Amino acid sequence: MSVEMTAPETAPRLATAKDYFDLLKPRIMGLVVFTAFAGLVAAVGITGQGINPLLAAVSILAVALGSGAAGALNMWYDADIDAVMSRTSTRPIPSGAVPRDEALALGLIMSGVSVLLMWIASNVLAAGLLALSIAYYGWFYTIVLKRRTAQNIVIGGAAGAFPPVIGWAAVTGSTPLDAWILFAIIFIWTPPHFWALSLVAHKEYKKAGVPMLPVTNGAKATRNQILLYTLLLAPVGLWPVATGLAGILYGVTTTVLTVGFIYYAIKLWRSEAGGPEAGAEERKLAMSMFGFSILYLFGLFAALIIEHGFGLYFPLGGF
Amino acid sequence: MSESVQISEEARVKAQKRRNVWLAWALVAFVVIVGLTTAIRIQETDFSGGDRLYFSGYLDEAQKEDADREAQARYEEMRAAEAEQTDSSEQPDE
């Protein structure tokens, strides 16, 4: 799909520290750091292996820097489409605050620094996984997938799923099944999370020529896919209880949040959200689903941290 | 939409200087973090293995070697105990 794009003319303005901080996509960074920390805490709790608190803090800092680097690389490459979409037109590059080259330089330097810090603070496996996740988001998702396929979010979702595996590897130097279960939760969670937002912003994506699912397959197909992935997420979310990775607190939290997530998905599925008939009500519903999906992931990983970090781990199963 | 301003040379230089200060602090932070991390890793490292370093997987090897040495010592102790027992049972009563 190719669309003629005309970026709005913006005169340059003085960059502030906030502009450079925004370049790192701080909200995504927050979730990435949180899930990496959960992976780290769960690894300590399950394996009994310890990690020096300062080394753990540096490892988490490295994950944060890596996430920021990938965000800067994404903004560097996507500056043209960001300028076209009103939601992203105020970002540092399209608003004229930060030159594209600076974003690229910042992204590349931070990538190197983050991987180096991770290697020094933990081990080569965690550093390698961090490098892989930066490349996956900054290059594979941003440059290869995003403008080519409607499955960009599904395949690209793996980039955001790496942090708990990296956190686990930082402690143990290995990535057992438990770590990959946490990966699977985020991987399956990403499509319904992002497609809920894209149901609201589909016109913008169309204008920018980005083949998001609502643009290529329509709103109904997107709502079907959201419901499908949400139903698939239900057993995957509870998988840690079966393996013994998580206990009662996690099980109860996940069950409640899963019911809520499915409720929103069904409500959205039955609505006209993203379609030509959609109004403010549907828009609000899609945004509620998007907001709840963040709460869902936060709740799951918070329960995992509380269980393993505060001695409240009472396993139900385990094989 | 974002506000747009005309940038004077003076304002540009001032902003550049401010950014340089931020960069300098970032570099200082990086040096401090690497220094602290290295200090902790050195404390955790057993250098009795010669020129091997922690990031070459030396600690794992060292742990394995320690376990092997302990197993060998236990084995030798057991053999010695067995030999002693045999000797005492073979000695004729006087």
- [ ] Report P(r) for the protein assembly as shown: all Cα-Cα distances, bin width 20 Å, range 0 to the bin holding the largest distance, values in whole percent.
- [x] 23, 48, 21, 5, 2, 0
Task: Cβ neighbours within 10 Å from other chains - mean over A:110-120 - done: 2
Task: Electrostatic dipole magnitude of the protein assembly as shown [Cβ: Lys, Arg +1; Asp, Glu -1; Cα centre; debye, to 20] - done: 3160 debye
Open item on the list: What does the net charge come to around A:Glu281 if you take all other residues with beta carbon closer than 13 Å to its beta carbon, with K and R at +1 and D and E at -1?
Closed with: +1
TODO: Starting from the stretch A:212-319, pick out the GluC sites (Glu not before Pro) whose DSSP state is loop and whose Cβ has at most 12 other Cβ atoms within 10 Å.
DONE: A:Glu277
TODO: Tell me the label-point distance for the pair B:Asn20, B:Lys64, using the 7 Å Cα-to-Cβ offset, in nm and rounded to one decimal.
DONE: 5.3 nm
Open item on the list: Compute, for the stretch A:181-319, the length of the dipole vector about the Cα centre, with Cβ point charges of +1 (Lys, Arg) and -1 (Asp, Glu) only. Units Debye, rounded to 20.
Closed with: 340 debye
Task: Dipole magnitude (debye, nearest 20) for the stretch A:60-172, charges at Cβ of Lys, Arg, Asp, Glu - done: 240 debye
Open item on the list: Only helices at least 27 Å long along their own axis, judged from Cα atoms, and with Kyte-Doolittle mean hydropathy of 1.0 or greater: name those in chain A from DSSP H.
Closed with: A:26-47, A:53-77, A:100-121, A:152-172, A:248-270
Open item on the list: Among B:Ala81, A:Leu285, B:Gln63, which residue has its Cα furthest toward the positive end of the charge dipole of the protein assembly as shown, with +1 on Lys/Arg Cβ and -1 on Asp/Glu Cβ?
Closed with: A:Leu285
Task: Entries in A:Lys25/A:Lys267; A:Lys18/B:Lys14; A:Lys18/A:Lys203; A:Lys206/A:Lys267; A:Lys146/A:Lys267; A:Lys18/B:Lys17 that, when Cα-Cα distance is taken, lie over 23 Å - done: A:Lys25/A:Lys267; A:Lys18/A:Lys203; A:Lys206/A:Lys267; A:Lys146/A:Lys267
Task: Of the trypsin sites (Lys or Arg not before Pro) in the stretch A:138-209, those whose Cβ has at most 13 other Cβ within 10 Å and which sit in DSSP loop - done: A:Arg148
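Quick note: the coordinates plus some simple rules give every number you see, no bench work behind them. Quantities reported herein were computed from a predicted structural model and do not represent experimental measurements. For neighbour counting, all protein chains shown are included, and Cβ atoms are generated from backbone atoms with ideal geometry for every residue, glycine included.
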